[in-house]
Structure formats: structure tokens, C-alpha cells
Amino acid sequence: MPSKKLILALIDGLTPATLEAAVEGDHAPTLSVLAENGRYSRAVTVFPSLTPVCVSSIVTGAHPDVHRIPHLVWYHRGQRRLVEYGSSFGAIRRAGTRQAIRDAIFNMNGEHLAPEALTMFESLADAGLTPAAVNIPCYRGRTRHRTTIPGVTRVALAPERFFFYSLFESDATGAPLAVRNRAGGTVDDYAAAVGRWLVTRDGFDFLAYYLSDYDYLSHALGPDAGGEGIARADRALGALVEAAGGADEFLDRYAVIVCSDHGQTRVDHAARLQEPLRDVGGIVVTASNRAGMIYRLGSCRLETPELAALLDGDASVDVVAYLDGDSVVVRLDGQEIDPQELEHPDAAARLRAALRNPNAGDLLVSAATGVEFADLAGRHHAGGGSHGSLVKGDSEVPVLLVGVDGDARSVVDVAPLVLDHFGVAARVPAHA
Ligand SMILES: [Zn+2]
């Protein structure tokens with residue numbers, strides 16, 4: 001057993017630039033204290049750079065070819081239906097509200113996430129430790145939990161201490177949640193109330209503390225307006241420090257990792273990825289934020305390279321990629337290029353892992369700078385911020401390590417750091 005317990009603070013959508021500016025500018029006092037006591041670097045996330053994919057990689061230490069979560073919205077070939085984890089309320093309605101809620105709350109963890117991609121919660125529980133999680137969307141663990149939703153009897157396997165937007169509450173903490181007042185900051189306030197309760201009782205060995213308000217505000221206001229979002233995240237972290245009795249006591253008790261799942265870039269206009277393909281039958285297009293996928297059904301008469309060529313010259317499209325046997329084929333500006341020539345961070349390896357996900361489309365599309373693909377309901381964040389693409393701004397994340405050995409160059413390095421901290425052997429399977 002190491003001398004310190006560990007808190008993983010995951011601030012959804014936090015860009016390295018915002019964290020760096022906040023720490024220098026002194027308007028994020030708790031993050032500043034952590035930065036003074038830790039080591040900071042930038043890391044790269046997986047593709048598509050969207051929360052379900054990225055958080056699954058953080059929690060399992062695996063790329064999407066292994067954990068099998070392909071996108072925020074995807075086509076389930078086995079069940080011949082769309083899976084929509086929550087691009088927007090409109091998209092949830094279009095996908096069928098009950099189904100979308102089941103997919104986001106239960107099926108992503110219970111069915112879609114590959115069983116062989118062990119989560120850090122499973123590995124820590126197997127080692128006899130007590131994992132806890134607040135609001136994290138990839139939560140699979142070893143303890144059975146019943147939801148607080150009246151009439152729903154289905155159980156979820158999650159960490160021993162498990163809190164999820166008040167839909168699951170392993171312990172009565174008294175934390176309030178008003179989901180409707182999202183702009184008022186109540187989601188991170190809920191996390192803070194639960195976190196305070198957990199720290200006060202010293203009720204965990206490892207805590208995954210997921211803060212989502214930053215991403216929400218950054219979508220609405222744009223990535224340069226991160227001040228209020230990071231202030232909320234800082235307050236939520238400050239609540240943990242306060243519960244421990246101050247910064248010295250907190251740092252004596254806990255090692256900390258602060259990171260995010262993806263970045264954000266400014267988007268000025270929206271496009272429908274379906275548009276250049278409108279005359280093609282037998283395909284399903286799933287698009288959301290700054291990434292899209294195209295699935296060929298049995299009835300499609302065009303081969304994948306022909307579909308890719310139809311996107312040539314479309315101003316909303318940056319990179320189009322597909323597999324030819326085991327090789328990644330990339331089209332850029334209407335031409336095939338060597339994936340290694342792409343200037344986006346670690347693009348060739350990230351495309352390969354995304355394409356080898358058995359749930360991914362036949363064709364993957366990364367949006368052009370400043371463009372967002374409208375979702376199922378036509379919703380988008382034009383005028384605000386978005387993410388999902390291969391570009392650096394969507395793909396780079398900050399990593400701050402306090403009292404944790406090692407380094408993270410990719411988000412998949414976070415799980416091994418956590419397991420190493422506790423001396424637990426990582427059991428990440430080889431690539432699929
Ligand atoms: Zn987002």
C-alpha cells in the first residue's frame with residue numbers, strides 16, 4: 001500500500017492553454033497550489049476526441065480498438081440501430097429518448113465497453129482497494145448498484161462508492177442536484193458536495209472526480225472563454241482541499257492527477273456530413289461535434305474508396321480515413337497521402353486505433369478547422385466551441401501529476417500511472 005491515496009480529477013474539455021493561463025494568472029487558487037507541488041506536461045488524446053471515447057481510454061488505458069467505444073453516436077451493426085450517448089437533447093429525442101438514456105446510463109458500460117479492457121476500478125477492486133467515482137461516464141467496476149430512478153430494477157456494475165448525477169448514489173451524502181439549472185453550475189456543485197463527503201470520511205483509496213461544467217460552458221461560449229468554467233472546476237477541487245483541512249493536510253493524504261479528456265477549438269459554422277452523400281443508398285452517417293463516421297450496409301453499391309472520393313473538395317471535411325486490409329488509407333485535399341505525413345499530433349497511430357475499433361464506421365472523417373458536423377437533430381455549437389477532430393487544439397490535454405511517479409504522453413498512460421501508484425499490475429490486453 002502506498003502512503004497516499006490518489007485522486008484523479010478529470011476536467012472535461014479543459015485545454016492546456018486555459019490551465020496554463022489560469023495557474024499563471026492566479027484565478028484558480030487550488031489548481032495553482034497543485035501546480036506548485038506537481039509536474040506539468042501536455043499529452044495527446046485518442047480519436048475521435050469525444051468524451052465517451054477519450055474517458056474510456058483514460059479509465060482502461062486502452063485505445064479505442066481495444067475498448068470498442070467508437071464515438072458519441074454510432075451504428076450498432078449487430079442490433080441495426082443507432083447508439084446516441086447524448087450529443088444534444090434533440091439528438092437524444094431523435095434516437096429515442098428511452099433508448100438513448102439506457103445507452104448512456106447502462107449500455108455503454110454494461111454492453112458496449114469491451115469486457116477484456118479492464119477499467120482501473122476493476123483492477124483496484126480486484127487488488128482489495130476501495131475505488132470511488134463521481135459522475136464519470138466510463139465507470140465499470142465490481143460492485144452492483146441499483147439506480148435511484150423509481151421503477152428501474154436494472155443494476156449497474158460500478159466502483160464500490162459510486163455517484164452518478166444522483167441517478168446512482170451508493171451512500172446518502174445529502175448532495176443536491178438540479179439538472180435543469182445546468183448553466184447555474186449545479187453539476188460541479190453536486191460533484192463537490194459528494195467529494196467533500198468522501199474526503200471527510202476518508203472513504204476511498206482511489207477517487208475519480210469528473211467535472212463537466214467546463215466543457216459545457218466552453219461549447220456554449222467558445223474555448224477562449226474558459227474563465228468561469230475553470231473557476232467552477234477550481235472551486236470543486238477546493239472543496240476537497242477544504243474537507244481535508246487545508247492544502248498541507250490534503251497533500252499529505254493524497255496524490256493527485258489533474259487532466260482532461262480532450263481539448264476544444266472554436267467553431268464558426270455547421271455542416272451536414274450527410275449532404276455530399278445524399279444520393280448514396282445503403283449507408284448510415286453518424287456525425288456529432290467535429291467527427292463523423294460512415295457505415296456501409298449490405299445494400300450499398302459503392303465501395304469504401306468510392307465513398308471517400310465523394311467527400312473530395314467538401315470544405316467541411318479535413319481528413320478522411322479507412323482501412324485497406326491492414327493499412328490505413330488517408331485522403332486529404334482530394335488526394336491519398338501517407339498517414340505519416342499528417343501534421344496532426346500522432347495522427348497515423350490514432351487513426352489506426354480508431355479504424356480498428358469493430359464498432360467504428362468504414363470511413364472516419366475529421367472536420368475542417370472551424371467546422372462542426374450537425375448531429376441527428378441538426379444541433380451544433382457554431383459560434384462556440386467543439387472538439388472531436390484530429391487537430392492539435394481538439395487533441396491536446398493538460399496533465400498535472402502531484403505525488404505520482406512516471407509520465408503521461410497520451411491519455412492511455414493515465415491508467416498505468418494510477419495502477420503503478422498502488423503497485424497493482426496493469427492488465428491491458430494487446431491491441432485487437
Ligand atoms: Zn464536449
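The values are calculated or read from the model by the stated rules, or taken from the named source; none is laboratory data. Being a predicted model, the structure only gives us computed values, none of them experimental. No Cβ is skipped: glycine too gets one built from the backbone with ideal geometry, and neighbour counts run over all protein chains shown. Keep in mind that these areas ignore ligands, DNA and RNA; they rest on the heavy atoms of the full protein, side chains included. Shrake-Rupley method; radii C 1.70, N 1.55, O 1.52, S 1.80 Å.
Odds and ends about this structure:
- Test for G388: is it within 30 Å of A315 (Cα to Cα) and surrounded by fewer than 19 Cβ atoms within 10 Å (Cβ to Cβ): no
- For the stretch 132-160, residues that are out of contact with any Lys or Arg (no Cβ under 9 Å at 6 or more places or on another chain) and in a loop (DSSP other than H, G, I, E, B) total 12.
- Every residue from the stretch 161-178 that is assigned to a loop (DSSP other than H, G, I, E, B) and open to solvent by less than 60 Å² (accessible area, probe 1.4 Å): Y165, S166, L167, S170, D171, T173, A175, L177, A178
- Odd one out for G313 among (1) open to solvent by 70 Å² or more (accessible area, probe 1.4 Å); (2) free of Cβ contacts under 8 Å to residues at least 12 places away in the same chain: (2)
- Every condition in (1) among the β-branched types (V, I, T); (2) open to solvent by 50 Å² or more (accessible area, probe 1.4 Å); (3) touching a residue at least 40 places away in the same chain (Cβ under 8 Å) holds for T97 except the one numbered (3).
For (1) of a type outside the set (D, E); (2) more than 16 Å from the ligand (Cβ to nearest atom); (3) open to solvent by 10 Å² or more (accessible area, probe 1.4 Å); (4) modelled with pLDDT under 95, each residue gets a yes or a no:
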position: E396; (1), (2), (3), (4): no, no, yes, no
position: V399; (1), (2), (3), (4): yes, yes, no, no
position: G403; (1), (2), (3), (4): yes, yes, yes, no
position: D407; (1), (2), (3), (4): no, yes, yes, no
position: S410; (1), (2), (3), (4): yes, yes, yes, no
position: A415; (1), (2), (3), (4): yes, yes, no, no
position: F422; (1), (2), (3), (4): yes, yes, yes, no
position: P429; (1), (2), (3), (4): yes, yes, yes, yes
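- Strands (runs of 3 or more DSSP E) contained entirely in the stretch 363-432, each with at least 3 residues that are more than 23 Å from L251 (Cα to Cα) and touching a residue at least 12 places away in the same chain (Cβ under 8 Å): 363-367, 371-373
- L198, sole failed condition from (1) open to solvent by less than 20 Å² (accessible area, probe 1.4 Å); (2) in contact with a Ser or Thr (Cβ under 9 Å, 6 or more places away or on another chain); (3) under 26 Å from Q99 (Cβ atoms); (4) not in a loop (DSSP other than H, G, I, E, B): (3)
- Any helices (runs of 4 or more DSSP H) falling wholly within the stretch 207-286 and containing at least 2 residues that are touching a residue at least 24 places away in the same chain (Cβ under 8 Å), in contact with a strand residue (DSSP E or B) (Cβ under 8 Å, 6 or more places away or on another chain) and within 16 Å of the ligand (Cβ to nearest atom): 213-221, 227-244
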